[in-house]
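Structure, as structure tokens:
Every read-out reported here was derived from the displayed coordinates using simple, explicitly stated rules and does not represent laboratory data. Just so we're clear, the structure is a prediction, and the values are computed from it rather than from any experiment. For neighbour counting, all protein chains shown are included, and Cβ atoms are generated from backbone atoms with ideal geometry for every residue, glycine included.
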Amino acid sequence: MPRPLLVSFVGGDTGRWQVTHLAAVTGSDLSAVERMAVVEGRNTALPVGAWCLRGVTSNDRYVERPEHSQLVNAQEPLGRTASTCAALIPIRKSEGWWDLTQDERRAILAQRSAHIATGLRYLPAVARRLHHGRDLGEQFDFLTWFEYRPEHSGAFEELVGRLRETEEWTFVESEVDIRLVR
């Protein structure tokens, strides 16, 4: 497994990504911004912005070996030239979620909500990377970053819509949907 990578998403007036949509799905919103920078690493200077969301990559916590292998084999890397659309979806789950044991959360996520199986259907068109913020004491537990080509926008909307209809999403108390282009 690669070393954990700290990633900061800074919303403001500068950055590679232009924000086209920013709205709370549930819970608190973030300040409106024009651009967003994605900064990787611990010793990297961050641009000044209206907000900064931080998360760290980690080991796969809810997948079993066969699922992990499928994800690795199907996933294409981030930063593909043709992937000019992106989404950042910060999520905070309720204390009820965190009061569950890991195997109870896995049963909801993987078995009853089919989160992993659903995500696999949209690879490699939609590349993704999960960042954990809860471990850092951040306001969001998860920051999910997606990149895709404009012609895969419909598939991305379908993916997000399907996930938001699951039992897992009943534990989401705050979610912001940020869409971007470069």
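Worth pointing out:
- Dipole moment magnitude, nearest 20 debye, region 94-182 about Cα centre, only Lys, Arg, Asp, Glu C-beta charged: 500
- Separation between Cα centres of region 59-98 and region 106-182, rounded to whole Å: 7
- Degrees between helix 153-164 axis and first principal axis of the chain (Cα, 0 to 90, nearest 10): 50
- In the chain, the convex hull through the Cα atoms has an average projected area of 10.0 nm², a quarter of its surface area.
- Every helix of 4 or more DSSP H residues in the chain counts as -39500 (n - 2.57), and over all residues that averages to -5500 deg cm²/dmol at 222 nm.
- Restricting the calculation to Cα atoms, region 86-165 yields a radius of gyration followed by a Dmax of 13.5, 40 Å.
- The local environment of GLU147, defined by Cβ-Cβ distances under 11 Å, has a net charge of +4 under the rule Lys, Arg +1 and Asp, Glu -1.
- Relative protection proxy for 55-65, 133-143, from highest mean packing down: 133-143, 55-65 (other beta-carbon atoms within 10 angstrom).
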